[in-house]
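Colleague: Okay, handing you the structure first.
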Amino acid sequence: MDNRDVKLIEAIDLPAAIGLLTRLPIPVPQERAMERGEAAAWAYPLAGLVIGVILAASASVLSWVGLPVGIVAALVLAIGAIVTGAMHEDGLADSADGLWGGWDRARRLEIMKDSSIGVYGVLALALSLLIRWMGISALIVLEIHWTGLIAIAVLSRGGMVVLMTTMTNARESGLSQSVGRPSAPTAWVAVGISALITVLCGQISLIFAAAIAVLICGMIAQRKIGGQTGDILGATQQITEILLLLVILS
């Protein structure tokens, strides 16, 4: 799609973004959503906002009924996986297996495409769940889970748009390739929305931390496979989320 031939923002973009990044039953005109493709990426942070609100509200309700903090945090992680279809966790596991399990670009991409999971993927998932569980528990104890979870969900998905725009696709097939490469204006809208929501949440320091996380993930992907894939985007979301949790609690 030639980005010069489409509007920067359309009403279909938000439901398209929610339909792509979550498993929520959002009615989306499939043909029109596919036509928008990469042009709808500006709305990814808003899809993150929806996810963040769901997770924060879940944490509040579960805490209100008297469940221990650790159980609440575990259930919030489970709800997040259900809402998103665990697509980002899948990307993290595949990226860990491929980037560190292959000796050259072709083999790394082959491993990432394989549906089976290896030791690197298992370790990446285990560490991600452990750190995020402890981080969410701390946010709940400190009573900042609303602003924290929302800002993290928004920024980590806004970062995905930056990688999609600035990096070429590492393979000629896959989810990222099928969506397309957003234009620079689309990316700037996503960045602006992410920053605005984060500022409103009072978590300004997270903006810089998110930029560092995206930069590091992009540099590793470029060095290892020469671009980005859907798995790299998912891994970037997870790594950004972890780093932002650490920054909030540091």
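Colleague: Would you confirm, using the coordinates I've provided, whether Glu89 is among the acidic types (Asp, Glu), modelled with pLDDT under 95 and either in contact with an Asp or Glu (Cβ under 8 Å, 6 or more places away or on another chain) or outside any loop (DSSP other than H, G, I, E, B) (or both)?
Modeller: Against the criterion (among the acidic types (Asp, Glu), modelled with pLDDT under 95 and either in contact with an Asp or Glu (Cβ under 8 Å, 6 or more places away or on another chain) or outside any loop (DSSP other than H, G, I, E, B) (or both)), Glu89 does not qualify.
Colleague: Now, a different point. Kindly provide the set of residues from the range 212-250 that are small (Gly, Ala, Ser) and in contact (Cβ under 8 Å) with a residue 12 or more places away in the chain, ordered by number.
Modeller: Correct list: Ala213, Gly218, Ala221, Gly226, Gly227, Gly230, Gly234, Ala235.
Colleague: May I ask you to list the residues in the range 92-103 that are open to solvent by 80 Å² or more (accessible area, probe 1.4 Å) and modelled with pLDDT under 90? Give the derivation first.
Modeller: Taking the range 92-103 as the starting set, the residues that turn out to be open to solvent by 80 Å² or more (accessible area, probe 1.4 Å) are 100, 103.
Matches in the range 92-103: Trp103 only.
Colleague: Hey, another quick one. Is there a residue in the range 196-203 that is farther than 23 Å from Leu20 by Cβ, at pLDDT 95 or above, among the aliphatic types (A, V, I, L, M) and open to solvent by 80 Å² or more (accessible area, probe 1.4 Å)?
Modeller: Yes, because at least one residue in the range 196-203 is farther than 23 Å from Leu20 by Cβ, at pLDDT 95 or above, among the aliphatic types (A, V, I, L, M) and open to solvent by 80 Å² or more (accessible area, probe 1.4 Å).
Colleague: Could you tell me which of the residues Leu246, Leu163 is open to solvent by less than 10 Å² (accessible area, probe 1.4 Å) and either within 30 Å of Ala57 (Cβ to Cβ) or among the hydrophobic types (A, V, I, L, M, F, W, C) (or both)?
Modeller: The unique qualifying residue is Leu163.
Colleague: Within the group Val61, Val69, Val122, which residue is open to solvent by 50 Å² or more (accessible area, probe 1.4 Å) and in contact with a Ser or Thr (Cβ under 7 Å, 6 or more places away or on another chain)?
Modeller: Val69
Colleague: Check whether at least one residue in the range 151-160 is open to solvent by less than 10 Å² (accessible area, probe 1.4 Å) and more than 27 Å from Ile54 (Cβ to Cβ), and report yes or no.
Modeller: The answer is no; no qualifying residue exists.
The values are calculated or read from the model by the stated rules, or taken from the named source; none is laboratory data. Bear in mind the structure is a predicted one, so any value in this text is a computation, not a measurement. Every residue, glycine as well, gets a Cβ built from its backbone with ideal geometry; the counts of neighbours run over all protein chains shown. Just so you know, the surface numbers come from the protein's heavy atoms only, side chains and all, with ligands and any DNA or RNA stripped out. Shrake-Rupley method; radii C 1.70, N 1.55, O 1.52, S 1.80 Å.
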